[in-house]
Amino acid sequence: MAQLFDPYTVRGATFRNRIVVSPMCEYSSVDGFANDWHLVHLGSRAVGGAGLVLTEAAAVSPEGRITGADLGIYRDEHVAKLREIVTFLHAHGAVAGIQLAHAGRKASCAQPWHGGARVTLADGGWTPVAPSAIPFDPADAAPRALTLHEIGDVIGDFVAATQRSLEAGFRVIELHAAHGYLLHEFLSPLANTRTDAYGGSFENRTRLLRDVSSAVRAVLPDDVPLFVRISATDWAEGGWDLEQSVRLAADLKPLGVDLIDVSSGAAVMHQKIAIGPGYQVPFAERIRADAGIPTGAVGLITEATQANEVLVEGRADLVFLARELLRDPYWPLHAASVLGAEIEWPVQYVRAKPQPARV
Ligand SMILES: Cc1cc2nc3c(=O)[nH]c(=O)nc-3n(C[C@H](O)[C@H](O)[C@H](O)COP(=O)(O)O)c2cc1C
């Protein structure tokens, strides 16, 4: 079984280890543009030794942004700064990946540090779109249900965003189909009450994600891996659940999806989550075993030995870390010391590398 510092190859991409920087919104863009914050933030984590550095959710359309300050990839002009960032990440030994997203009914909100509430039209926001006219927060105005024609446009937006991502040099594409955003909303009966080909049965609710996956795969070169992040369960009665996730993962595999990044929750406000260290790992394990597809484990993985065990026990193929990598961008360098793995430090930092005790 693999160890944390074993390389991982998927299609034409080889990560130097199994540590992934989980996507993390920075809410620091103007009109979707990346800037020096993103270069330093993502760059530090490449210098810190992660194998794969994923960007935050990059919106595929302006109305697909959670906030007006989200990163975007809906204009050709977005590509240049992203290319500079990708070049830096690759120069420092990480593989650069991008998460493509549409916020659906959770769009048009304030940045978290401004309270995160819905921004109305009067305050410069926009009307969110969703599978059905059901708000996430019952206190908010309902989103507008997408027409069939507009669903086609969303698929087109994901394809165009993929092409821009390739131009920027990203070597991994991840589709965000988790956390109650648009692609997840179509999956969940709690957000999707459509009666057309995109709602109702399991086959219909999963259609949009399958359509987007196929359309994106069709424009990706064979050597570029495609990941999909899902919420394995809504943690709510009558919602999306693990059994459906296993079925979905098995359906995505033949469409050319290479790995399921297994998160959970955030579809509805009344969710009841049983939270604790590694609480989502059992979902990654189950999908890996029963759908026969590689998985990433994420959620409260903070210790080197804990991360290593997930891999050694065959519960996932990659470990994604978010908050721990905010606390410590050099976590991978420290984890290597803890696990006794011999890895290269950035040459500029070698004088600080812990040396084995002399006898
Ligand atoms: C500041 C912040 C921003 C986040 N933004 C995203 C995002 O853009 N896309 C996503 O899929 N998850 C996002 N997440 C969720 C993380 O990727 C991760 O799944 C979650 O924090 C659990 O992992 P952790 O316990 O290692 O933090 C975000 C989390 C944080 C803390």
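Consider the range 89-107 and keep the residues that are over 19 Å from Ser22 (Cβ atoms) and surrounded by fewer than 24 Cβ atoms within 10 Å (Cβ to Cβ). The one that is nearest to the ligand (Cβ to nearest atom) is His90. One residue stands out in the range 1-23 among those that are within 14 Å of the ligand (Cβ to nearest atom) and in a loop (DSSP other than H, G, I, E, B): the one that is nearest to Pro332 (Cα to Cα), namely Ser22.
Every condition in (1) out of contact with any Gly (no Cβ under 8 Å at 6 or more places or on another chain); (2) open to solvent by less than 60 Å² (accessible area, probe 1.4 Å); (3) in a loop (DSSP other than H, G, I, E, B); (4) small (Gly, Ala, Ser) is met by Gly296 except one, and the failing one is (3). Taken together, the residues in the range 319-359 that are touching a residue at least 24 places away in the same chain (Cβ under 8 Å), aliphatic (A, V, I, L, M) and away from the ligand (no atom under 16 Å from the Cβ) amount to 6.
Each row is one residue, and each column tells you yes or no for (1) touching a Gly at 6+ places or on another chain (Cβ under 7 Å); (2) open to solvent by 20 Å² or more (accessible area, probe 1.4 Å); (3) within 30 Å of Thr120 (Cβ to Cβ).
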position: Phe33; (1), (2), (3): no, yes, yes
position: Trp37; (1), (2), (3): no, yes, yes
position: Gly51; (1), (2), (3): no, no, no
position: Cys109; (1), (2), (3): yes, yes, yes
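Within the option set Glu26, Glu77, being under 25 Å from Val212 (Cβ atoms), part of a helix (DSSP H, G or I), free of Cβ contacts under 8 Å to residues at least 60 places away in the same chain and not hydrophobic (A, V, I, L, M, F, W, C) holds for one residue only, Glu77. Within the range 324-344, the set of residues being more than 24 Å from Pro294 (Cβ to Cβ), open to solvent by 40 Å² or more (accessible area, probe 1.4 Å) and not polar (S, T, N, Q) comprises Leu326, Arg327, Tyr330, His334, Val338, Gly340, Glu342, Glu344. Residues in the range 267-318 that are away from the ligand (no atom under 15 Å from the Cβ), small (Gly, Ala, Ser) and within 19 Å of Asp234 (Cβ to Cβ): 1 in all. Residues that are touching a residue at least 60 places away in the same chain (Cβ under 8 Å) and either within 26 Å of Leu325 (Cα to Cα) or part of a strand (DSSP E or B) (or both): does the range 267-276 have at least one? Within the range 267-276, one or more residues are touching a residue at least 60 places away in the same chain (Cβ under 8 Å) and either within 26 Å of Leu325 (Cα to Cα) or part of a strand (DSSP E or B) (or both).
The values are calculated or read from the model by the stated rules, or taken from the named source; none is laboratory data. Computed from a predicted structure; not experimentally measured. FYI the Cβ positions are ideal-geometry reconstructions off the backbone, even for glycines, and counts take in every protein chain you see. All accessible areas refer to the heavy atoms of the entire protein, side chains included, with ligands and DNA or RNA removed. Shrake-Rupley method; radii C 1.70, N 1.55, O 1.52, S 1.80 Å.
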